[in-house]
Amino acid sequence: MSSLVRWARAEWGTVYATVREPLRERRLRAIPMTAGVVGLTALVQLVQNQPWGYRPVQALGAVRAADPLWLALLRTPLSLFVPALDLPVWGALAQILFVFGIGEICLGRRQTLAIAYVATLAGTWYARVGVALGPHHPLGLPVTDAQVVDTGPSAAVVGLAVYLGRRYGAHVTAGGVAAAMLAEVLVKENLAGKEHLAALAGVGLLCAAETLRERQRGPVALDGVGSGLPPIQS
């Protein structure tokens, strides 16, 4: 048990230490953006399941590869909050609360939303490229997938989870999420699973760019000069 505890501390200790105090002191007030995202997703789910609400939600937030590019880009921000109709919404809400909540505290609201948008946009672009390549290409998709609605919040959750794992040293967790997405495609090959992999690829490129930028900056000086930190007072 002690080895398991040591592993858990090494894997999640930094994230836990970062989120513990804000959540203990302020609870949901520490994650107002996440609370808003959860509430908006729940509201969209409620509306799209009403006889009068399905068409408006589809018109404003359903992205398909068959859509004109300008229309898909306009719908993409709201598509983050449109859960799949055929899956239990409570699972999606729990994932959003957990992953977006950690992201909001650890990264800030803007960066959390930016990474979520990058992951979602990567999936959206892949769907268009995959349909254009066709079913006979290794990365291609059948033409019928052009009419399938994009993944909604799941691609954002997957991408953000992997980014947080890489940023805070939870490499086993990040690898486990990536492996689960790959297994999803191998077990049930569909557009959603492939868009999840595209989201991971988009976030992976973002992480690679950040790593390259960090290496170009060089090692951080001990006195904080050039690091963006205040210098150590003697």
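The values are calculated or read from the model by the stated rules, or taken from the named source; none is laboratory data. None of these values were measured; they are calculated from a predicted model. Glycine gets a Cβ as well: all are built from the backbone with ideal geometry, and neighbour counts include every protein chain shown.
Residue by residue, here is whether (1) in contact (Cβ under 8 Å) with a residue 12 or more places away in the chain; (2) over 26 Å from GLN48 (Cα atoms); (3) surrounded by 22 or more Cβ atoms within 10 Å (Cβ to Cβ) holds:
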residue: ASP86; (1), (2), (3): no, no, no
residue: GLY91; (1), (2), (3): no, no, no
residue: ALA94; (1), (2), (3): no, no, no
residue: CYS106; (1), (2), (3): yes, yes, no
residue: LEU113; (1), (2), (3): yes, no, no
residue: ALA116; (1), (2), (3): yes, no, yes
residue: THR120; (1), (2), (3): yes, no, yes
residue: GLY123; (1), (2), (3): yes, no, yes
residue: ARG128; (1), (2), (3): yes, no, no
Taking segment 189-226 and keeping residues part of a loop (DSSP other than H, G, I, E, B) and at pLDDT 85 or above leaves ASN190
Quick one: count up the residues across segment 60-69 that are in a helix (DSSP H, G or I) and either under 18 Å from the mean Cα position of the chain (by Cα) or at pLDDT 95 or above (or both).
1
Name the pairs whose Cβ atoms lie under 6 Å apart, with the first residue in segment 192-215 and within 30 Å of THR144 (Cα to Cα), the second outside any helix (DSSP H, G or I), and 6 or more positions between them or separate chains?
ALA192/THR151; GLU195/THR151
So GLY165 fits all but one of (1) more than 23 Å from TRP7 (Cβ to Cβ); (2) crowded, with 21+ Cβ neighbours inside 10 Å; what number is the exception?
(1)
Screening VAL57, VAL15 for residues that are farther than 30 Å from VAL148 by Cβ, part of a helix (DSSP H, G or I), among the β-branched types (Val, Ile, Thr) and modelled with pLDDT under 95 leaves only VAL15
Report every pair of residues separated by at least 6 positions or lying on different chains whose Cβ atoms are under 6 Å apart, first residue within segment 1-23 and surrounded by 13 or more Cβ atoms within 10 Å (Cβ to Cβ), second part of a helix (DSSP H, G or I).
GLU11/VAL172; THR18/CYS106; VAL19/ILE102; VAL19/ILE105; PRO22/ALA30; PRO22/ILE105; LEU23/ALA30
Keeping to segment 62-75, report how many residues are more than 16 Å from VAL129 (Cα to Cα) and in contact with a helix residue (DSSP H, G or I) (Cβ under 8 Å, 6 or more places away or on another chain).
2
Which residues, counting only those in segment 48-59, are loosely packed, with under 14 Cβ neighbours inside 10 Å and of a type outside the set (Lys, Arg)?
ASN49, GLN50, PRO51, TRP52, PRO56, ALA59
